[in-house]
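Here the structure comes first, spelled out in structure tokens, and everything after it is commentary.
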Amino acid sequence: RTSVKVRAELTDVAAFFWDFGSRAGMRISADVERTFQTKFVEGELILTKQIQRRQKLESHLGVHHTDRTFNSIMTLTWTSSDTIVLSVIPQDEDGKSVRGTARSKSERARGSVLMSDKDAVTAKENVVIRLKKVGDGKTKLDYACHVNLGLGVSHRSTQSFVEGRIHEMHAISVYFQRITDIEVYRKHDGQALAYDILWNVHSSKHRVERLDLVAKENKALKDLLKKYPSVKAILANVLKGNLNMNRVVNMKLECIGEKEGTQIGKNLIPSLMTEALPEAGVNEWRVNNRAVRELVKKHPWFEAMAVVIGRGIVKTAHWGLMGRVVFGALVSMSDLATDCAVLWQYWEGGEEMLTYRNLSIVSLSCSMLLQLMIAYFQNRNAGSWKVFKECLIVLFGLKAPWDAYRVAMGAEHEAGAIFEPLMEMTLSKCVELFTESIPAILIQTAAILNVIESGGTFTGENRVTKTSLTSLFVSVMAVGFVSATISYDFDTDPKRRAENPEFYGYVPDSSKKRPIMFSAMINMTASSVLIKSILICVLGRIDSVYPWYYLGLDVVLFIVIKMARNDFSYWIPIEGPLGTVISLLVRPIEKVIADFTGCVHLRHPIEVGGLYFTLNYIIPFFALSLLLFLQGDELFKGEHTQEVVETTVKILGASLFLWTFVFFVLMNKEFRKTFYSIETGKQHAAKLFFEGNDLIKANSLRSHSSYWKEFEEPLQIWLNEGWSSWEDEKPDWFTEAWRKRVPEHMVTQASTSASGSAFSEISTQGSGRSIGKGAGGRGTRGEQHKNVVKNLKATQILPALGGNQEEGLGYTENHLKNAMGRRGSMRM
């Protein structure tokens, strides 16, 4: 069994199957010969014809199989105004030989011939094809078959035969896609065109050759290249995937030639390389090249096509997916390796380093434990094997590269999973920051200060080792990189910019500004985390309990403010006591991460909040400076300790404010208000719902119920008003995972079609249940037609879809004639 979406009207698809002698049908199928007898009409509802087809049978064991001939009756039944069912049932054994117009690949030009059964074995097939209109110009094709190829045929050969029939259904989808007019092209058409271009090619040379082939057969692409010949140069250089410098071309689409088109195509590659998501890379490419902007404005489907092509290029290019995964793994593994080296140094340091050693072990253990918890809760609905596999990835330290791989591959939000891939990767990074990276920096900073305080220097016998300094530097830069990556990836994701335009979009689209912006965020975090760490260590010099008081009271104050503003529940859609536990666990974690790293994403109203984030970003530097000014002489006993600390703090303060200034100058100014906003998460959710489109409204249900409880009634009205149209139109956000988020009590209309479950009852994989059994028995043709309808009713297809064989639906054979006339004008 298989199901495919076909880009054509219902009657056009039905006409394709009914026109048994068409060249397109013969070319798509594996038939050697085809014949058919003139069709006739039973009333207005059922059309039938006798068909005969001959196919070669392949063997996987080197055995020569005789050709198979299928003598069948094809029946077309209208079951409702938007559904047609075609059935192919074996002809009765006493049926007359079939003569008619043959369409043979070898004898097509000869005209009328007689199909001979010589050297062929009669086989049987039972096929049901349901065609259902699912939107304007879209038809869903459900195909089920049961075949009997006779004795002496292996299971492997039978399976290969059935797979060939299933492949034909997908080839039919490609056929209709290729003859679709460019005027009616939509996003999904652009994606389908990209998949057609990338089909079964693995090198740049073959991709360009495939582009030439598709450009000849795809009507929309042919028309586009006829109007804008330079687009072929753009696509060809994108498909080559060679890494080049980004040189912006600011020329109109009508004015560019092959040279400019070549450069525009090359410009996409560096954009893809610097972005975690292909969508973000294509968006940057579109914004920075005027011709691409104009092309997308005239043909929006072109952007969707470029995203799919970009994902394919990233997957296969040496600089792409594997390079990104390897780089992410190196950053994570380097941090872990230097931490282990310092841990070994603590281990050999005797009693003086005992505390640092124990704290490091606890830190690494907590990180591993929380990562395993995320893996369990994220995959518990997918089965024990999936949970076991994800836990193994965590234990081997490969979580970071694995998450990067899934995000770059464009993995979708799986049904039953709590988080989408990008969010899962972000949470894993936050856990690593909270339990491993930040504690490691604190421990190493304290250890270095302890060595300096005891008379150590950066040179000489009693010195701060290179291993300690290297480990601290690597840890700080790793934290900066992870923090900047989280903020950058979320903000440059076009999907999130569409879902929440009030918050995402502060990173400029300029290819020149983005690298500077990313560097600024890395250095902001590096400066912030060191300043906060030194502040904690200095407080520890006053009294060993002061750091715990400071951190604990800070977190308690944060939680009290959240509760006072009715903003404590975290947005993760886990209800009940477990949701409360998650909030109690996550809120302190995000507060600590925001305080230490200054990760600008955490200024989101559903996280820390704009104004609170900004205050906690700048207060540590002034608090540390004031503390050193008032008690610097009393805090340190070492000869050079105070001087080293004060000089370090001045350098870090200058770095912090310099890079923060660069950040605010480069960012899109309309988003500066998010840094001093006092909006709560629930207020933000309500604002988005009442002011947003369907995509933004739908995103409300991805959050905890407390976020949409205040506007539950308008949300329910919106759901019930739009559900039936969404089932037909299938917008991108209307996924299975999203539908499972909708509470049952909020949707009063049926959310699933009864026909889907009815069709699934049909046996399709050789279970022994014949579809239409009895229709091939002895009797008149009229009786055979009644038997067909009787058996369709028995399989629950007609009742489920509201079909009635006694009532005409206003369709006649002329509908198919008109559709076949349209097909004749479209044949290629």
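Some points to look at:
- Taking segment 150-176 as the range and being open to solvent by less than 30 Å² (accessible area, probe 1.4 Å) and either under 16 Å from Phe17 (Cα atoms) or of a type in the set (Phe, Trp, Tyr) (or both) as the test, the residues that pass are Phe161, Arg165, Glu168, Met169, Ala171, Ile172, Ser173, Tyr175, Phe176.
- Total residues in segment 666-702, condition farther than 17 Å from Asp491 by Cα, assigned to a helix (DSSP H, G or I) and open to solvent by 40 Å² or more (accessible area, probe 1.4 Å): 7
- For Arg406, the conditions (1) closer than 30 Å to Ser468 by Cα; (2) assigned to a helix (DSSP H, G or I) are fulfilled apart from (1).
- Count of residues meeting criterion [more than 29 Å from the chain's Cα centre (by Cα), within 25 Å of Ile531 (Cα to Cα) and open to solvent by 20 Å² or more (accessible area, probe 1.4 Å)] in segment 571-592: 2
- Of the residues Leu253, Leu221, the single one that is part of a helix (DSSP H, G or I) and either more than 26 Å from the chain's Cα centre (by Cα) or farther than 14 Å from Asn267 by Cβ (or both) is Leu221.
- Yes/no for Lys266 being without any contact (Cβ under 8 Å) to a residue 60 or more places away in the chain and surrounded by 16 or more Cβ atoms within 10 Å (Cβ to Cβ): yes
- Residue, nearest to the chain's Cα centre (by Cα), within segment 293-313, restricted to residues that are farther than 16 Å from Leu221 by Cα and of a type in the set (D, E, K, R): Arg311
- Restricting segment 502-530 to residues that are open to solvent by 30 Å² or more (accessible area, probe 1.4 Å), part of a loop (DSSP other than H, G, I, E, B) and touching a residue at least 24 places away in the same chain (Cβ under 8 Å), the residue that is nearest to Ala698 (Cα to Cα): Glu502
- When residues in segment 452-473 are screened for being modelled with pLDDT of 75 or more and surrounded by fewer than 20 Cβ atoms within 10 Å (Cβ to Cβ), 3 of them pass.
- Only one of the numbered conditions (1) part of a helix (DSSP H, G or I); (2) touching a Lys or Arg at 6+ places or on another chain (Cβ under 9 Å); (3) modelled with pLDDT under 75 is violated by Gly416, and that is (1).
- Filtered residues of segment 256-301 (kept if outside any helix (DSSP H, G or I) and farther than 18 Å from Ala236 by Cα): Glu275, Ala276, Leu277, His299, Pro300
- Of everything in segment 6-45 that is buried (at least 21 other Cβ atoms within 10 Å of the Cβ) and part of a strand (DSSP E or B), the residue that is modelled with the lowest pLDDT is Phe36.
- All positions within segment 224-250 that are open to solvent by 80 Å² or more (accessible area, probe 1.4 Å), part of a loop (DSSP other than H, G, I, E, B) and more than 24 Å from Ser510 (Cβ to Cβ): Pro229
The values are calculated or read from the model by the stated rules, or taken from the named source; none is laboratory data. Because the structure is predicted, anything quoted here is derived from the model rather than measured. Because the Cβ atoms are built from the backbone with ideal geometry, glycine has one as well, and the counts that use them run over all protein chains shown. Note: accessible area is taken over every heavy atom of the protein model, side chains too, but ligands, DNA and RNA are not part of it. Shrake-Rupley method; radii C 1.70, N 1.55, O 1.52, S 1.80 Å.
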